Amino acid sequence: MKEIVIISGKGGTGKTSLTAAFAALSRNAVFADCDVDAADLHLILRPEVVEERAFKSGNEARIQPELCSGCGICSSVCRFGALRKKCDTLGRIGYTVEPFACEGCGLCVRLCPEQAILFPERTCGTLFISSTRFGPLVHARLTAAAENSGKLVSLVRKEAKRVAEEERRAFVLIDGPPGIGCPVIASVTGADRVLVVAEPTLSGEHDLLRVMELTRHFGIRTLVCINKADINEDAAARIEILASERGADILERIPYDEEVTAAQVRGLTLGEHGKGKALARVRAVWERLIQHEAE
Amino acid sequence: MIVAVASGKGGTGKTTVAVSLALAAEDGARLLDCDVEEPNSHIFIRPESLSSEEVFVPVPRADEDLCTACGFCGEVCSFNAIVSLKTKPLIFPELCHSCGACVRLCPQGALHEQRVVAGEILSGKRGSVELVYGTLKVGHAMAVPVIRAVKQQVAKDTLTIIDCPPGTSCPVIRAVEGCDIVVLVTEPTPFGLHDLTLAVETMRVIGLPFVVVINRCDIGDRGVAEYCEREGIEILASVPNDRRIAEAYSRGKTPGAVVPEIHSLFQDMLQALMERANLTMRAALLVKTTLSAGEIPQQQKSEEKE
């Protein structure tokens with residue numbers, strides 16, 4: 001079983017549209033949406049949820065107002081500015097925890113002389129294991145404004161791998177998040193291969209080089225394809241040179257195609273939509289990707 | 001005034017909107033690029049004479065002579081950044097949140113903090129725009145300390161525009177907190193709509209006022225417009241899809257540089273944002289005045305004297 005992760009550095013280059021198109025072309029894969037902040041793959045794969053689980057991760061401090069003496073030790077030790085001084089209706093000084101600021105380190109919990117601070121587990125989102133017309137999909141929804149998306153990413157990957165092993169599927173195809181931080185690191189570490197979807201713009205070039213530095217840092221074999229290549233063919237050519245100098249294999253160029261948006265509006269993969277000049281190139285990317293895996 | 005430009009989905013045009021708003025400000029603006037994982041504003045602003053400063057985070061280090069391998073630090077760490085199973089602690093700086101718990105709680109006082117580079121802050125100016133942007137060190141997982149460092153550069157008296165990272169989790173929250181209004185940039189597609197609903201939910205949870213800008217407004221479908229109407233969300237502006245804009249973007253040029261009428265569109269947007277922020281501030285003042293019952297506002301007092 002091989003794990004292939006599709007990432008981009010920059011957002012909006014076409015990761016999800018490509019992953020969905022690959023899903024329709026694959027014969028024997030499990031799909032995982034690791035962009036848990038803003039997951040979209042389900043809009044095209046239209047899953048039927050088989051199993052649903054609350055995702056708990058870490059803890060958060062919660063002060064019991066009746067026990068708080070207002071000494072302020074918690075506030076003085078907190079590095080995240082998560083404790084707020086409040087005055088109640090009787091004029092007593094006490095502290096409360098700002099949940100978006102609390103990172104759940106537990107230092108205040110341990111140092112409170114009144115033992116007034118509880119430390120319950122934090123629910124950060126929901127994990128789904130689903131079936132789709134192309135195969136199983138593991139996806140998640142992060143609670144709005146929640147923390148720990150890297151840990152939820154790891155869980156989505158772990159579950160997708162488990163399903164792939166149980167059903168003896170050859171691939172786990174992962175739709176990754178944008179950026180190079182915690183969720184991306186959680187998506188790519190230990191994967192067999194990364195496909196970076198780049199776009200031929202100065203921003204795209206800048207972001208591709210940073211994300212390639214990351215895959216190199218973690219020693220993951222990297223492929224690059226350029227989407228919307230005809231927006232700027234010179235930039236596309238330059239990006240291909242820069243990427244291959246850094247050890248990436250270059251796959252096809254995919255042209256800008258309004259049919260990609262039209263397919264998305266219909267809730268279909270590009271192959272099901274069956275139109276547009278990008279389609280043949282997307283198929284070619286998939287075939288080369290599979291070839292690479294066979295080697 | 002502080003305006004944050006955010007979106008759930010990546011690639012909808014946050015940077016384009018943020019940079020264009022900064023350039024539309026007649027009295028100049030400070031632009032803070034908080035998308036420290038993949039900052040792009042500098043490509044469009046091209047600031048002159050950049051100065052840089054490293055961002056450090058404190059990370060624990062064990063004094064081998066004092067450590068008795070009791071394993072308490074590993075127990076205390078909530079982020080799996082310390083492994084100590086009755087051994088000298090093994091510390092993973094890239095997972096450390098710098099909370100300081102292990103250092104403070106080590107019974108032997110054997111841990112102390114040393115500074116580790118998490119990223120860099122760069123600042124420079126071109127024309128009337130002062131740009132400050134952060135870059136997360138590649139391989140470092142935690143973007144938040146670098147975002148915090150960029151956020152410290154909020155201008156006191158001039159307009160500040162914040163270019164936020166995509167998503168709905170901690171980096172976005174740190175980037176938007178403390179701003180007067182959030183501009184959510186989206187595109188009129190099913191992905192754009194879905195991620196907009198998540199961004200709206202996030203803004204409502206943290207209680208910040210927001211408006212929507214629809215970019216490439218003539219592609220896709222009517223879903224975003226209908227959603228905004230249903231939810232009573234103000235659409236501040238719609239920016240048309242134009243191949244000239246896309247090609248200019250690919251060369252690091254803003255839409256206003258190639259399609260002049262777009263520049264005035266952003267000037268109007270900025271004007272509308274200022275008016276809206278003023279209204280919100282006045283409303284907040286009114287609430288404050290009503291809450292402090294019995295207390296007469298300063299201005300009224302002096303009027304009474306007269």
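I'd like the full set of residues that are part of a helix (DSSP H, G or I) and either surrounded by 19 or more Cβ atoms within 10 Å (Cβ to Cβ) or of a type in the set (K, R) (or both), limited to the range B:73-86.
Matches in the range B:73-86: B:C73, B:G74, B:V76.
Could you tell me whether A:A280 is on the phi < 0 side of the Ramachandran plot, touching a Ser or Thr at 6+ places or on another chain (Cβ under 7 Å) and assigned to a helix (DSSP H, G or I)?
no
Of the residues that sit in the range A:95-142 and are hydrophobic (A, V, I, L, M, F, W, C), within 20 Å of the chain's Cα centre (by Cα) and away from chain B (no Cβ under 14 Å), which one is nearest to A:T269 (Cα to Cα)?
A:L137
If a residue must be closer than 22 Å to B:R46 by Cα and without any contact (Cβ under 8 Å) to a residue 24 or more places away in the chain, how many such residues does the range B:139-160 contain?
Counting residues in the range B:139-160 that are closer than 22 Å to B:R46 by Cα and without any contact (Cβ under 8 Å) to a residue 24 or more places away in the chain gives 1.
Looking only at residues that are within 24 Å of the chain's Cα centre (by Cα) and within 12 Å of chain A (Cβ to nearest Cβ) in the range B:236-253, which one is surrounded by the most Cβ atoms within 10 Å (Cβ to Cβ)?
Only one residue tops the list, namely B:Y249.
Mind listing whichever residues of the range B:151-180 are of a type in the set (D, E), touching a strand residue (DSSP E or B) at 6+ places or on another chain (Cβ under 8 Å) and closer than 26 Å to A:R141 by Cα?
Hit for the range B:151-180 is B:D163, nothing else.
Can you report the number of residues in the range B:254-264 which are surrounded by fewer than 18 Cβ atoms within 10 Å (Cβ to Cβ) and either away from chain A (no Cβ under 14 Å) or within 23 Å of the chain's Cα centre (by Cα) (or both)?
Residues flagged as surrounded by fewer than 18 Cβ atoms within 10 Å (Cβ to Cβ) and either away from chain A (no Cβ under 14 Å) or within 23 Å of the chain's Cα centre (by Cα) (or both) within the range B:254-264 amount to 5.
What is the number of the single condition among (1) within 14 Å of chain B (Cβ to nearest Cβ); (2) surrounded by 15 or more Cβ atoms within 10 Å (Cβ to Cβ) that A:G219 does not meet?
Evaluating A:G219 over (1) within 14 Å of chain B (Cβ to nearest Cβ); (2) surrounded by 15 or more Cβ atoms within 10 Å (Cβ to Cβ) leaves (2) as the failure.
Quick one: B:I162 ticks every box in (1) in contact with a Leu (Cβ under 8 Å, 6 or more places away or on another chain); (2) among the hydrophobic types (A, V, I, L, M, F, W, C); (3) within 8 Å of chain A (Cβ to nearest Cβ) except a single one, so which number is it?
Just one mismatch for B:I162, condition (3).
What strands (runs of 3 or more DSSP E), lying completely within the range B:89-189, carry at least 2 residues that are over 12 Å from the mean Cα position of the chain (by Cα) and surrounded by fewer than 23 Cβ atoms within 10 Å (Cβ to Cβ)?
By residue number, B:111-126, B:129-136.
What number of residues within the range B:216-266 are within 12 Å of B:T186 (Cβ to Cβ) and aromatic (F, W, Y)?
1
Of the residues that sit in the range A:222-241 and are touching a Phe, Trp or Tyr at 6+ places or on another chain (Cβ under 7 Å) and over 14 Å from A:V197 (Cα atoms), which one is surrounded by the fewest Cβ atoms within 10 Å (Cβ to Cβ)?
Of everything passing the filter in the range A:222-241, A:D230 is surrounded by the fewest Cβ atoms within 10 Å (Cβ to Cβ).
Which members of the range A:190-208 meet the condition of being more than 19 Å from the chain's Cα centre (by Cα) and not in a loop (DSSP other than H, G, I, E, B)?
Scanning the range A:190-208 gives A:L202, A:S203, A:E205, A:H206.
Does the range B:212-222 contain any residue that is at the interface with chain A (Cβ under 9 Å from one of its Cβ atoms) and either small (G, A, S) or assigned to a helix (DSSP H, G or I) (or both)?
Yes: the range B:212-222 contains one or more residues that are at the interface with chain A (Cβ under 9 Å from one of its Cβ atoms) and either small (G, A, S) or assigned to a helix (DSSP H, G or I) (or both).
Tell me, yes or no, whether the range A:242-258 has at least one residue that is within 14 Å of chain B (Cβ to nearest Cβ), crowded, with 19+ Cβ neighbours inside 10 Å and part of a helix (DSSP H, G or I).
no
Is it the case that A:A54 is touching a strand residue (DSSP E or B) at 6+ places or on another chain (Cβ under 9 Å), buried (at least 19 other Cβ atoms within 10 Å of the Cβ) and in contact (Cβ under 8 Å) with a residue 12 or more places away in the chain?
Against the criterion (touching a strand residue (DSSP E or B) at 6+ places or on another chain (Cβ under 9 Å), buried (at least 19 other Cβ atoms within 10 Å of the Cβ) and in contact (Cβ under 8 Å) with a residue 12 or more places away in the chain), A:A54 does not qualify.
Got a number for residues in the range B:34-44 being crowded, with 24+ Cβ neighbours inside 10 Å, of a type in the set (A, V, I, L, M, F, W, C) and either part of a helix (DSSP H, G or I) or on the phi > 0 side of the Ramachandran plot (or both)?
Residues flagged as crowded, with 24+ Cβ neighbours inside 10 Å, of a type in the set (A, V, I, L, M, F, W, C) and either part of a helix (DSSP H, G or I) or on the phi > 0 side of the Ramachandran plot (or both) within the range B:34-44 amount to 1.
Could you check the range A:18-44 and list, in sequence order, the residues that are surrounded by 24 or more Cβ atoms within 10 Å (Cβ to Cβ) and of a type in the set (S, T, Y)?
A:T19
Values quoted throughout were computed directly from the atomic coordinates according to the rules given, and no laboratory measurement underlies them. All figures in this text were calculated on a predicted structure; none of them were measured in a lab. Every residue, glycine as well, gets a Cβ built from its backbone with ideal geometry; the counts of neighbours run over all protein chains shown.
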